[in-house]
Every structure is written in structure tokens, then in C-alpha cells.
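Here the structure is laid out as C-alpha cells; the discussion comes afterwards.
Bear in mind that the values in this text are calculations on the coordinates, not laboratory data. Since the structure is predicted, the reported quantities are computational estimates derived from the model, not experimental observations. Positions of Cβ are generated from backbone atoms using ideal geometry, with glycine treated the same way; all protein chains shown enter the neighbour counts.
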Amino acid sequence: MLYVMVLIRIAFCDFRTRRIPDREIGLLFGIGLLLLVAQGTGVSGTHLVGAFVISGPMLVASLLYEGAFGGGDIKLMAAAG
């Protein structure tokens, strides 16, 4: 529930200011890590792949095409993965 609440807060902040604060992304990342610890799975290769499978191509697209994605969007996808 907390994870979803942070996502909603990020959505409102992004809608209003067109920026995603790093502290919100860090909070989302921290909640994700806590969930992994609580489930007893730990960080594995699949989690790392999940972090970069979307954010990697987004980064490449933003480098090739100006304005394709913002840095906050890329960090958000990496943290959510």
C-alpha cells in the first residue's frame, strides 16, 4: 500500500511540476528493497534485469532523441524494476 501511495505522490508531483524529485524515487527504491527483505528473496539477477530492461532503452532513446524522456522517468523505471 505504501508503494502505491508513493507512486500516486510521484504522479501528482510530475503532473504539477513536470519533475520527479530524487527523494521520491529513493523512497520508492527503499520500499522495494524492504519488500525484498521482508519476502526473504534478497536481490537477485532477475531484479537487476528488471531494473534495466525498461530504463536502459529509455536512456538510449533519450540520448538519441532530445526530449524523448526525462531523467526522472528513467530513474523511476529503474527504481520500480
Quick one: helix 55-64 against the long Cα principal axis of the chain, what's the angle to the nearest 10°, folded into 0 to 90? 10 degrees
Of (1) 41, 28, 15; (2) 39, 25, 18; (3) 34, 29, 18, the label for Cα extents along the principal axes in Å derived from the coordinates: (1)
Among ALA38, ALA61, ALA11, determine the one that fluctuates most according to a GNM of the chain built with springs between C-alpha atoms less than 10 Å apart. ALA38
If every Lys and Arg gets +1 and every Asp and Glu gets -1 at its Cβ, then about the Cα centre the chain yields a dipole, in debye to the nearest 20, of 180 debye
Rounded to the nearest 500 deg cm²/dmol, what is the calculated helix-only ellipticity per residue at 222 nm for the chain, with -39500 (n - 2.57) per DSSP H run of length n ≥ 4? -24500 deg cm²/dmol
Pairing the Cα long axis of helix 2-17 with the longest principal axis of the chain, what angle in degrees results, from 0 to 90 and rounded to the nearest 10? 10 degrees
Helix 22-39 versus the longest principal axis of the chain: what angle, 0 to 90°, nearest 10, using Cα atoms? 30 degrees
Before anything else, pin down the relative contact order of the chain: Cα pairs under 8 Å, at least 6 apart, normalised by residue count, whole percent. 33 percent
Using a basic spin-label model with each label point 7 Å from the Cα along Cα→Cβ, how many nm lie between ALA61 and LEU34? 3.1 nm
Loop sites in the chain: chymotrypsin sites (Phe, Trp or Tyr not before Pro), DSSP, at most 10 other Cβ within 10 Å: TYR65
All other residues with a Cβ under 11 Å from the Cβ of LYS75 taken together, and with Lys, Arg as +1 and Asp, Glu as -1, what is their net charge? -3
Taking trypsin sites (Lys or Arg not before Pro) that fall in a DSSP loop and have at most 12 other Cβ atoms within 10 Å as cut points, what is the longest piece of the chain between them? 20-81
